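What follows is a short report on a single structure.
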Amino acid sequence: MAVDLLLGLQWGDEGKGKIVDVLTSKYDIIARFQGGPNAGHTLVFNGRKHVLHTIPSGIFHDDTVNLVGNGVVIDPVIFKKELDKLDEQNVDYKKSLLISRKAHIILPTHRLLDAASETAKGKAKIGSTLKGIGPTYMDKTGRNGIRVGDVELTGWKDKYRALANKHEAMIDFYNVDIQYNLKELEAEFFSAVDTLKSLKFIDSEEYVHQAQASKKTILAEGAQGSLLDIDFGTYPFVTSSNTTAAGACTGLGVAPNSIGKVYGIFKAYTTRVGSGPFPTELFNEDGATMARVGHEFGATTGRPRRCGWLDLVALRYACQVNGVTELIMMKGDVLSGFKSLKVCTAYNYKGDEITHLPYNIEEENVTPIYTELKGWEADLTGMTEASQLPDALNGYVEFLEKELNIPITVVSVGPDRKQTIIRK
Ligand code: IMP
């Protein structure tokens, strides 16, 4: 059975958690394949809001298996907090939550290193979530990392100590003012590792292979977005993993020829949190309205998100890199009330009009070229059927479909599970 993918196509925060939750009833297994607690996947149902960071978004459905794949990096302390929240809501995850032995562990010193590295960068800082993601992936590729499977082995604490000592020396090297009490952080960390050990660790690539062979349906849930991909994103203002489709192959052990549908999810406008170029960013009342109406604050850090018009040059690029087969448009409701809407269809790049994403999209090289479309007034949040959608919104959606040559099958009109309109 093919594995379907659900990926964010912008700079993250597209609403992947909600859509995975909506789609979960169609799948036996939901699997995370990259990133870690830098993600914040928000789900709203029965009048409650739930934010997941590392745990897959299928966890609230009783019959779904939730797999944390080998490509994910896990902070046991944050993971334990997520489990505590699930306990409070009587979610029985003991059987349904599986963790790859090959997933890497974020140590307390990885978090400290992230902070030291960002502080040392000064104005050039990435705007990292400071969850230790970058340093953990650096240790993975540097072949120094500690993996989930290691904590089942005797002597792993010696390996831990050697690595933590090295990290402390590196923190000193940065020569910045980072205050910490490692003893306290370690006490919390080792206690959280014990909690982690009470869960099921598996050889996940074998599990996925067997699940495919026995015709189980699997949805791979991406974190962050394509423009934050370590290779294809706006480097260096990116995260440290492959957020694009290929990341699902390396992060789960899925063969490329067994990828099925690729759901690409995007907001009806664009947001970005952290530093880095953003050609369609708005610094006026329109941007402020998007931020206010769309509650554009980071689910992990609470930082305000930068807002701007939809950028089809970037979206087209993301669709290409991922092989998107179906598009899902989020937050259409936030644009209600705009008299007209702008969509960037090309860039003026050093005097030439181009429609592909160039190497450098910094402000001095790129000016967006916009097409203006009619806005709509109606409040969409109570709508449940495609036939209720205003003509101008249909016009907006059809314009995007034509530009991208991919169908938009779902339009989301609010954060709740129920506020989801299936178009075709
Ligand atoms: P890091 O992955 O925490 O180091 O952050 C690197 C960059 O990716 C920063 O600009 C973050 O704001 C951004 N980033 C990381 N995770 C997310 C996410 O889940 N949503 C949006 N931006 C993110």
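Filter segment 215-235 for residues that are of a type in the set (A, V, I, L, M, F, W, C) and either at pLDDT below 95 or in a helix (DSSP H, G or I) (or both) and give the result.
227, 228 - these are the residues of segment 215-235 that are of a type in the set (A, V, I, L, M, F, W, C) and either at pLDDT below 95 or in a helix (DSSP H, G or I) (or both).
With the checklist (1) closer than 21 Å to residue 299 by Cβ; (2) touching a Gly at 6+ places or on another chain (Cβ under 7 Å) in hand, flag the one item residue 82 doesn't pass.
The failed condition is (2).
Only residues that are outside any strand (DSSP E or B) and at pLDDT 95 or above: list them for segment 362-380, please.
375, 376, 377, 378, 379, 380
With the structure loaded, tell me whether residue 101 is without any contact (Cβ under 8 Å) to a residue 12 or more places away in the chain and surrounded by fewer than 20 Cβ atoms within 10 Å (Cβ to Cβ) or whether it fails that test.
no
Can residue 16 be described as modelled with pLDDT under 95, buried (at least 18 other Cβ atoms within 10 Å of the Cβ) and charged (D, E, K, R)?
Considered against the rule, which asks whether it is modelled with pLDDT under 95, buried (at least 18 other Cβ atoms within 10 Å of the Cβ) and charged (D, E, K, R), residue 16 comes out as yes.
Can you tell me which residue in segment 41-61 is nearest to residue 81 (Cα to Cα), limited to those that are surrounded by fewer than 20 Cβ atoms within 10 Å (Cβ to Cβ) and within 13 Å of the ligand (Cβ to nearest atom)?
Checked segment 41-61; the qualifying residue nearest to residue 81 (Cα to Cα) is 51.
All but one of (1) more than 27 Å from residue 139 (Cβ to Cβ); (2) within 13 Å of the ligand (Cβ to nearest atom); (3) out of contact with any strand residue (DSSP E or B) (no Cβ under 8 Å at 6 or more places or on another chain) hold for residue 14, so report the exception by its number.
(3)
Considering only segment 271-295, state which residues are touching a Cys at 6+ places or on another chain (Cβ under 7 Å) and outside any loop (DSSP other than H, G, I, E, B).
Of everything in segment 271-295, those that are touching a Cys at 6+ places or on another chain (Cβ under 7 Å) and outside any loop (DSSP other than H, G, I, E, B) turn out to be 271, 287, 290, 291.
Any idea how many residues of segment 361-406 are more than 26 Å from residue 263 (Cα to Cα) and free of Cβ contacts under 8 Å to residues at least 24 places away in the same chain?
Residues that pass the stated criteria total 2.
Could you run through segment 365-396 and say how many residues are hydroxyl-bearing (Ser, Thr, Tyr) and in contact with a Ser or Thr (Cβ under 8 Å, 6 or more places away or on another chain)?
So the answer is 2.
Show me the helices (runs of 4 or more DSSP H) found entirely inside segment 133-206 where at least 1 residues are touching a strand residue (DSSP E or B) at 6+ places or on another chain (Cβ under 8 Å) and within 21 Å of residue 114 (Cβ to Cβ).
Numbers: elements: 133-141, 156-174, 182-197.
In segment 133-206, 133-141, 182-197 are the helices (runs of 4 or more DSSP H) which contain 1 or more residues that are touching a strand residue (DSSP E or B) at 6+ places or on another chain (Cβ under 8 Å) and within 21 Å of residue 114 (Cβ to Cβ).
Show me the strands (runs of 3 or more DSSP E) found entirely inside segment 36-91 where at least 3 residues are among the aliphatic types (A, V, I, L, M) and over 13 Å from the mean Cα position of the chain (by Cα). Talk me through it step by step, then tell me what you get.
Working: elements: 41-45, 48-52, 65-68.
In segment 36-91, the matching strands (runs of 3 or more DSSP E) lie at 65-68.
So which of 254, 321 is part of a loop (DSSP other than H, G, I, E, B) and either of a type in the set (Asp, Glu) or away from the ligand (no atom under 16 Å from the Cβ) (or both)? Let's see the steps before the verdict.
Numbers: 321 fails: part of a loop (DSSP other than H, G, I, E, B).
The conditions single out 254.
Of the conditions (1) surrounded by fewer than 11 Cβ atoms within 10 Å (Cβ to Cβ); (2) touching a Gly at 6+ places or on another chain (Cβ under 6 Å), residue 183 fails just one. Which one is it?
(2)
Please state which of the following conditions residue 228 fails to meet, knowing it meets all the rest: (1) within 16 Å of the ligand (Cβ to nearest atom); (2) under 29 Å from residue 161 (Cα atoms).
Going through (1) within 16 Å of the ligand (Cβ to nearest atom); (2) under 29 Å from residue 161 (Cα atoms) one by one, residue 228 breaks only (2).
Yes or no, residue by residue, for (1) crowded, with 20+ Cβ neighbours inside 10 Å; (2) within 14 Å of the ligand (Cβ to nearest atom); (3) within 24 Å of residue 110 (Cβ to Cβ):
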position	(1), (2), (3)
237	yes, yes, yes
243	yes, yes, yes
264	yes, no, no
268	yes, no, no
274	yes, yes, yes
279	yes, no, no
283	no, no, no
295	no, no, no
308	yes, no, no
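Only one of 313, 293, 238 is at pLDDT 95 or above and closer than 20 Å to residue 36 by Cβ. Can you tell me which?
Values: 313 fails: closer than 20 Å to residue 36 by Cβ; 293 fails: closer than 20 Å to residue 36 by Cβ.
Step by step, each of 313, 293, 238 is checked, and only 238 is at pLDDT 95 or above and closer than 20 Å to residue 36 by Cβ.
Which of the residues spanning segment 318-356 are free of Cβ contacts under 8 Å to residues at least 60 places away in the same chain and under 17 Å from residue 263 (Cβ atoms)?
320, the sole residue that qualifies.
For segment 119-135, enumerate the residues that are of a type in the set (Ser, Thr, Tyr) and either surrounded by 16 or more Cβ atoms within 10 Å (Cβ to Cβ) or more than 16 Å from the ligand (Cβ to nearest atom) (or both). It would help to see each step written out before you state the result.
From segment 119-135, those of a type in the set (Ser, Thr, Tyr) are 119, 128-129; that's our starting set.
Selection gives 128, 129.
Checking the structure you have, find out if any residue of segment 103-118 is assigned to a loop (DSSP other than H, G, I, E, B) and within 14 Å of the ligand (Cβ to nearest atom).
Looking for residues that are assigned to a loop (DSSP other than H, G, I, E, B) and within 14 Å of the ligand (Cβ to nearest atom), one finds at least one in segment 103-118, hence yes.
The values are calculated or read from the model by the stated rules, or taken from the named source; none is laboratory data. Keep in mind that this is a model prediction, so the values were computed, not measured. Here Cβ is always computed from backbone atoms with ideal geometry, including for glycine, and neighbour counts include all displayed protein chains.
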